[in-house]
Amino acid sequence: DDAPATSAEIAEQLPADTGAAELLERYQRSLTGVFGTPQAVLVRGSGARVWDAAGGEYLDLLGGIAVNALGHAHPAVCSVVSQQYATLGHISNLFTSPTQIALAEKLLSLAQAPPGSSVFFANSGSEANEAALKAVLRHRHSTAKPRILALEGSFHGRTTGALSLTHKPAYREPFGELVSGVEFLPFNDLGALETAFAQDDVAGVFLEPIQGEAGVLPLDEAYLTRARELTRRSGALLVLDEVQTGVGRTGEWFRFQTVDGVVPDLMTLAKGLGSGFPIGALICFGEQAGGLLQAGQHGTTFGGNPPATAAALATLQVIESESLLVHARQLGAHMAAALRALPQVAQVRQFGLHIGADLEPVHGVEAPAKEVVQRALDRGLIINATGPTTLRLAPPLNLTQEEADQALARLESALRSATADWPQPPGA
Ligand code: PMP
């Protein structure tokens, strides 16, 4: 006689044949339209699999968009979070608790941050970037260097400050004026970077070491190295947004660690950090960076709360104990080779389990990647499209090779069915 509480329980109360449609209809009536029409109503997840309200099973190779680092319902996370919530569920930031302290120490150690470094906990990637932007604004205010640089193709979030750093016009233009002084430089263009620093009036630079939403596009090592040299020389802050690349996604703890001599002043994390619990982090490298936001200058109610920090600690422990960095590199390479052999795939960019695959353009088809995503979904595979011809995969770091191969077989079937239906190029 208990009221249904979980998603699976709510769905089970509805008729098996019409429940999913009813839920979607209720969604349309009660939620804002910002996310468009959901692809499905999901009720349950376990490991790399999720199930919808109609009983359909999917292999989830998007992982909540690089969030479910350990897949769904990892036993270590389930157990620590329920125990943590049962013993200390939330405290205000007028207090602290051991999981918060231990997580900060662990992140600083994994990032090999120098003594004096510190962490601020937020609830999302956007919020971590808001904190980083406030640190840069504070620096701008005290140095009177007016310019803030970001890159074309960037994605740093949709809250107002983070949106000011996000390049895509469709996201920005409806809102008119945002934070002033932000300039977007062409991607990977060393000449433009040099020119931008010619006047020594830059307060900070925001870079994603690999642009995820733009289609898994890596910045060249030489670009990151030069950005570090120029920012250091001119006293500008280098902010690396590792919201998508951090915490093992690329087969390293953090992507910046693959480039010799590049250590940021500020780094932002979120996504995979909490295995799905909302948590973001701003890592301040060194005392000067950590001193940019002082008592009373920033804050949040939920940031770093006990269940979220416990989930993150458990996530990092499992990545270590199950050697998932090595696994991500090996399985990623295996998947990239298999992807390159699929019909219609032109190019694959793979860094651990951060994978982008470009399709050949199709004459007369505007967004082939979107069609492939739909056909994959129909075959029980979740991936997404970051552009008209680009597919993105961000599976759990503990995906097995068997699951990967099964997923790739579903993708191959989706690609074959799409290419069979697409018009042949003229003259073929
Ligand atoms: N930065 C990057 C690089 C991201 O990929 C994202 C999310 N796609 C964000 C920031 C924003 O994170 P959130 O959605 O958690 O606010």
Residue match in region 270-279 (condition: touching an Asp or Glu at 6+ places or on another chain (Cβ under 7 Å), surrounded by fewer than 21 Cβ atoms within 10 Å (Cβ to Cβ) and not β-branched (V, I, T)): no
Qualifying positions in region 386-428 - more than 30 Å from P75 (Cβ to Cβ), surrounded by 16 or more Cβ atoms within 10 Å (Cβ to Cβ) and of a type in the set (D, E, K, R): E412
Positions within region 93-129 being of a type in the set (D, E) and surrounded by 24 or more Cβ atoms within 10 Å (Cβ to Cβ), in sequence order: E127
Residue in region 212-225 that is under 27 Å from Q350 (Cα atoms), at pLDDT 95 or above, surrounded by fewer than 22 Cβ atoms within 10 Å (Cβ to Cβ) and over 22 Å from the mean Cα position of the chain (by Cα) present: yes
Selected residue (criterion: surrounded by the fewest Cβ atoms within 10 Å (Cβ to Cβ)) from residues of region 136-165 that are in a helix (DSSP H, G or I) and within 16 Å of the ligand (Cβ to nearest atom): T160
Hey, L178 within 16 Å of the ligand (Cβ to nearest atom) and free of Cβ contacts under 8 Å to residues at least 40 places away in the same chain or not: yes
Test: residue in region 371-386 that is hydroxyl-bearing (S, T, Y), under 28 Å from D52 (Cα atoms) and not in a strand (DSSP E or B): no
Out of L59, L24, sole residue that is under 25 Å from K271 (Cα atoms), away from the ligand (no atom under 16 Å from the Cβ), not in a loop (DSSP other than H, G, I, E, B) and not charged (D, E, K, R): L59
Residue within region 116-131 that is over 16 Å from K271 (Cα atoms), in a helix (DSSP H, G or I) and away from the ligand (no atom under 16 Å from the Cβ) present: no
Search result, residues across region 79-92 that are part of a helix (DSSP H, G or I) and surrounded by 14 or more Cβ atoms within 10 Å (Cβ to Cβ): V80, V81, Q84, Y85
Of all residues in region 44-61 being closer than 14 Å to P396 by Cα and touching a helix residue (DSSP H, G or I) at 6+ places or on another chain (Cβ under 6 Å), the one that is surrounded by the most Cβ atoms within 10 Å (Cβ to Cβ): L61
Criterion (surrounded by 23 or more Cβ atoms within 10 Å (Cβ to Cβ), modelled with pLDDT of 95 or more and over 24 Å from L62 (Cβ atoms)) met by exactly one of A310, A314, A328: A310
Tabulated pairs, region 148-162, first among the aliphatic types (A, V, I, L, M), second in a loop (DSSP other than H, G, I, E, B) and within 11 Å of the ligand (Cβ to nearest atom), C-beta under 8 angstrom, 6+ apart or interchain: I148/L165; A150/H156; A150/L165; A150/T166; L151/E208; A162/H156
Region 226-243 - residue that is crowded, with 24+ Cβ neighbours inside 10 Å and of a type in the set (D, E) and, of those, nearest to L393 (Cα to Cα): E242
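The values are calculated or read from the model by the stated rules, or taken from the named source; none is laboratory data. What you see is a predicted model, and the numbers here were worked out from it, not measured in a lab. We place every Cβ from the backbone using ideal geometry, glycine too, and count neighbours over all the protein chains shown.
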